[in-house]
Amino acid sequence: MLNCEGKSCVIAGGGAVAERKASSLLQAGASVHIISPDVTPRLAAMADEGSVRWSERAYQPGDLEGAFLVYAATEHEEVNHLIAEEARSLGTLVNIAHHGEAGDFISPAVLRRGRLTLAVTTAGAGPLASVQLCRHLESELGSSFDLYLEFLYELRQGIKKQVKTPSERHRLMRAIHEQDLWLDIERGDFIPWTPAQIQDWITDNQEAE
């Protein structure tokens, strides 16, 4: 859950792990630099189209200067640890492939759908289990939840415009959650509120000053 928008992120390695990390970083808006003598066909295509920058060589000391975060994902464990040492000397976050607990962060399996982002980790049990759980949760969360989140977003924006005090904003959001509108949505009984209805609900439910 890091904000990587426009930030330089380095991946040392060009295999399947590097490919997955590059895809995730690009989704997050990062500027991705791949360092590896060889890369997968998909990474090569990304480099050809300009989505990522590829240095077609092995990692060298100094490659991490200015990086926001680093994935050490080469096939050589000793090289990955050298990368981690340089990253830490620079105060840069590092993830060590195949040895997550030795790094500074992990990359969970992620489900993104509309306003919903679910991140799942299994504390070392295995990334495939995390992916399986993500797929299960996606099947359990029907389209009703998307509608619910969109409604909450519109209501929250209205509250932020109309209500000045943080404590009152929090109370109003808690009050709408207590109405269990998600259950109404799941039953098909919910009719989306108009902006005027949202404004009226906020006005009617504010505590008198």
- Message: I'd like to know if region 174-196 contains one or more residues that are of a type in the set (Lys, Arg) and either part of a loop (DSSP other than H, G, I, E, B) or surrounded by 12 or more Cβ atoms within 10 Å (Cβ to Cβ) (or both).
- Response: no
- Task: State whether one or more residues within region 22-42 are among the small types (Gly, Ala, Ser), in contact (Cβ under 8 Å) with a residue 40 or more places away in the chain and closer than 26 Å to Thr117 by Cβ.
- Result: yes
- Query: On the given criteria, is Ala119 open to solvent by less than 40 Å² (accessible area, probe 1.4 Å), of a type outside the set (Val, Ile, Thr) and touching a residue at least 12 places away in the same chain (Cβ under 8 Å)?
  - Reply: no
- Message: Can you pull out every residue in region 70-92 that is free of Cβ contacts under 8 Å to residues at least 60 places away in the same chain, outside any helix (DSSP H, G or I) and either surrounded by 14 or more Cβ atoms within 10 Å (Cβ to Cβ) or of a type outside the set (Gly, Ala, Ser) (or both)?
- Response: His76, Leu90, Thr92
- Item | Every residue from region 94-115 that is more than 19 Å from Leu69 (Cβ to Cβ) and either at pLDDT below 80 or in contact with a helix residue (DSSP H, G or I) (Cβ under 6 Å, 6 or more places away or on another chain) (or both) | Leu111, Gly114, Arg115
- Which condition does Ala67 not pass, out of (1) among the hydrophobic types (A, V, I, L, M, F, W, C); (2) surrounded by fewer than 19 Cβ atoms within 10 Å (Cβ to Cβ); (3) under 19 Å from Gly6 (Cβ atoms), if it passes all the others? (2)
- Message: Yes or no: region 126-145 includes at least one residue that is closer than 25 Å to Gln199 by Cα and either surrounded by 11 or more Cβ atoms within 10 Å (Cβ to Cβ) or more than 21 Å from the chain's Cα centre (by Cα) (or both).
- Response: yes
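The values are calculated or read from the model by the stated rules, or taken from the named source; none is laboratory data. Computed from a predicted model, the values in this text were never measured in an experiment. A quick note on method: Cβ atoms are made from the backbone with ideal geometry, for glycine too, and the neighbour counts reach across all protein chains shown. Just the protein is used for accessible areas: all its heavy atoms, side chains included, with ligands, DNA and RNA removed. Shrake-Rupley method; radii C 1.70, N 1.55, O 1.52, S 1.80 Å.
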